[in-house]
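Working notes, structure below.
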Amino acid sequence: MSQIPKKTVTKRFQASALIGYVGLLILMPLWLFVLAPREGYSTGFVFAVYILPLLLPLKGIIQDKPYTYAWANFIVLIYFTHGLTLLWVSPQEMLLILLELFFATCMFIGCTYYARHRGQELGLKIRKLKQDLADEKAAYEQDSPKDEER
């Protein structure tokens, strides 16, 4: 089976996604365990809340699955929200916060458009909700007899 080549724009969005992903994968443990460890939190808790979610899409990203890039956006929102919250409550960590927001933004934009472009290149289609509802309505109308006696 031949591999369908990626267009230049698709490669650029994948690069953006990977820069953001790898950046977060390096930044978060470095920040939370070395540069500014969180006092009062166990290492296990910090790992489970801030590092583990980043590891969930690793296999699909390595295997270059567009669907993984799409759902990885849900995970990256954790880091985007974390960064925005810290902007308000912890301005003394501004450089690290801005790095987190930069990597989260790169990953979000890259994953979104990589999944879209690569999915189109591979011929993957996601049905529109409107079409699904129309199909369901048509099936329902065919199955239920009209009540003409009223």
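The values are calculated or read from the model by the stated rules, or taken from the named source; none is laboratory data. Remember, it's a predicted structure, so these values are computed and weren't measured experimentally. Here Cβ is always computed from backbone atoms with ideal geometry, including for glycine, and neighbour counts include all displayed protein chains. Quick note on the areas: whole protein, heavy atoms, side chains included, nothing else; ligands and nucleic acids left out. Shrake-Rupley method; radii C 1.70, N 1.55, O 1.52, S 1.80 Å.
Suppose accessible area is computed on protein heavy atoms with a 1.4 Å probe; arrange Arg12, Arg118, Arg38 from highest to lowest.
Arg12, Arg38, Arg118
For the chain, set up a Gaussian network in which alpha carbons nearer than 10 Å are linked by springs, and say which option among Thr85, Thr105, Thr68 fluctuates the most.
Comparing Thr85, Thr105, Thr68 in the GNM, the peak value goes to Thr85.
With r defined as the distance between the Cβ atoms of Thr105 and Ala138 and R0 fixed at 30 Å, what FRET efficiency is calculated, to the nearest 0.05?
Step by step, r from the Cβ atoms, then E = 0.10.
Which label belongs to the value computed from this structure, given these candidates for Rg/Rh (Cα atoms, Kirkwood Rh): [x] 1.29; [y] 1.20; [z] 1.08?
The value computed from this structure is option [y].
What are the ³J(HN,Hα) values, in whole Hz, obtained from phi via the Karplus relation 6.51 cos²θ - 1.76 cosθ + 1.60 with θ = phi - 60°, for each residue of region 51-66 in sequence order, with x given for Gly and Pro?
9, 3, x, 5, 7, 4, x, 4, 4, x, 5, 4, 7, 6, 9, x
If I fit a long axis through the Cα atoms of helix 129-143 and take the longest principal axis of the Cα atoms of the chain, what angle between them do I get, 0 to 90°, rounded to 10?
30 degrees
Simple spin-label model, 7 Å along Cα-to-Cβ: Leu52 to Gln3 in nm?
3.3 nm
Could you state the angle between the C-alpha long axis of helix 94-122 and the longest principal axis of the C-alpha atoms of the chain, as a value from 0 to 90 degrees rounded to the nearest 10?
For 94-122 against the chain, the angle is about 30 degrees.
Once you've got the GNM for the chain with C-alpha springs shorter than 10 Å, pick whichever of Phe102, Phe74, Phe45 has the biggest mean-square fluctuation.
In this elastic network of the chain, the residue with the biggest mean-square fluctuation among Phe102, Phe74, Phe45 is Phe45.
So what is the relative contact order for the chain, in percent, with contacts set as C-alpha pairs under 8 Å and at least six apart?
37 percent
Could you give the accessible area per residue of the chain, probe 1.4 Å, as a whole number in Å²?
The answer is 70 Å² per residue.
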